[in-house]
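*Asks:* Sharing a structure with you now.
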Amino acid sequence: MPQTKLPLVDSFAIEDYPLFKTNVRWDFATGVNLMLGVNGVGKTTTIRALAFALVGPLALNKHRRYFAARMDGKRDAKPTIAVAFRIADARFQVQRRLDTLEFVQFTLNEGETSVKRSGTTGEREYEQYLLRLTGIPSLTDFDFLLKQLLIREEEAENTLWNAEDHSRVLRLLFSDGTFEQEWAQAQSTVKDAHVRSSQVALALKTAKDSLAKLQRSKTSAANSTSAGEPEKLRIELEAVMERIAETQGQLDALSEPLGSARSRFDELCSRQAEIDERLAESEDKLLESESTFHTNLYKAYTPLRCA
């Protein structure tokens, strides 16, 4: 079973950002944290700033001026966001600039190890620590899981995930780092084997049809020998026999690769079935987790309902 670990965010702080009247600090409570407010108070901006603090510019996709465009023209401001979070026993503190998207610094305390880095080199080192401790293959995958599991915007189209995201979440959470590559490779190999098998089967059929046609020509030429022109028909018969021998050789040559391709195809189909079974087990675990999540959320917020 893979050891995928997601960060547990303890707190974050936004300072000197002109969009907000005051500096913002949020210490997270255990469980689900909800951010409520009327339109225009900065809920979405705050959520995206938190994602940016953890992942960097990748979290903004193509909207790299998202924060700078909301500074009301105050170019002298130097807004920052700092986030503190844990991955198992490792504690991180990360700070970034909101206007320029620069990486300021990060600190890491893990057991007796203490690290503090800044600048571009520090950002690369932070990403390496992040992926190693979470067990997630890439920063793109980390950004994806972060937005699917830890940070949900009100604009989300699905309560949880669409079918494609659902499958990707399963693979990242409940399989080792090589599973997705293995899955893609197995599907590609099965497809290639199937194409090759079809090609060889077609060539085999063509060779058999040609052999049958030549055998009919041989019989026709042999029957015509007694009717006259024996020398001419003898030469034609020899030519037909040579072509039959040549086609039979092609037929024999095709039989072996066809058998090999079919054997490989059957082997890969069996392997794909095993992967499908693992995926089905993962889906069962996720459904159980979803049920537990909704049950606990309902129990936690039942007292808030109006009488």
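Quick note: the coordinates plus some simple rules give every number you see, no bench work behind them. Computed from a predicted structure; not experimentally measured. In this analysis, Cβ positions are derived from the backbone assuming ideal geometry, glycine residues included, and neighbour counts consider all displayed protein chains.
*Asks:* What ranking of VAL24, VAL32 emerges when the number of other C-beta atoms within 10 Å of each C-beta is taken as an exposure proxy, fewest first?
*Replies:* VAL32, VAL24
*Asks:* Follow-up question, since we're still on this one. Express in whole angstrom the spacing between the alpha-carbon centres of region 103-140 and region 29-94.
*Replies:* So the separation of the two Cα centres works out to 18 Å.
*Asks:* Continuing with this model, one more query. Let me make sure I get this right: for region 8-176, a, b and c are the square roots of the gyration tensor eigenvalues over alpha carbons, sorted descending. Under 1.5 in a/c it's rounded, otherwise prolate if a/b > b/c, else oblate. Which is it?
*Replies:* It comes out oblate by the Cα gyration axes.
*Asks:* For region 8-176, calculate the relative contact order in percent as a whole number, restricting contacts to Cα pairs under 8 Å that are 6 or more residues apart.
*Replies:* 18 percent
*Asks:* Sticking with this one: Kindly provide the chymotrypsin sites (Phe, Trp or Tyr not before Pro) of region 1-103 that DSSP labels as loop, not H, G, I, E or B, and whose Cβ sees at most 16 other Cβ atoms within 10 Å.
*Replies:* Those satisfying the criteria are PHE20, PHE28.
*Asks:* While we're looking at this one, here's another question. In percent, what relative contact order does region 51-118 have, based on Cα pairs under 8 Å that are 6 or more apart in sequence?
*Replies:* Relative contact order here is 24 percent.
*Asks:* Per Stokes-Einstein, at 10 °C and 1.306 mPa s, what whole-number D in µm² s⁻¹ belongs to region 15-110, with the Kirkwood radius over Cα pairs as the hydrodynamic radius?
*Replies:* 110 µm²/s
*Asks:* Enumerate by residue number the trypsin sites (Lys or Arg not before Pro) in region 8-92 meeting two conditions: DSSP loop (anything except H, G, I, E, B), and at most 13 other Cβ atoms within 10 Å of the site's Cβ.
*Replies:* LYS21, LYS62, ARG64, ARG65, LYS74, ARG75
*Asks:* To continue, here is another question. For a 27 Å ceiling on Cα separation, which of these pairs sit above it: LYS62/LYS285; LYS21/LYS116; LYS43/LYS78; LYS62/LYS147; LYS147/LYS285; LYS78/LYS116?
*Replies:* Beyond 27 Å: LYS62/LYS285; LYS21/LYS116.
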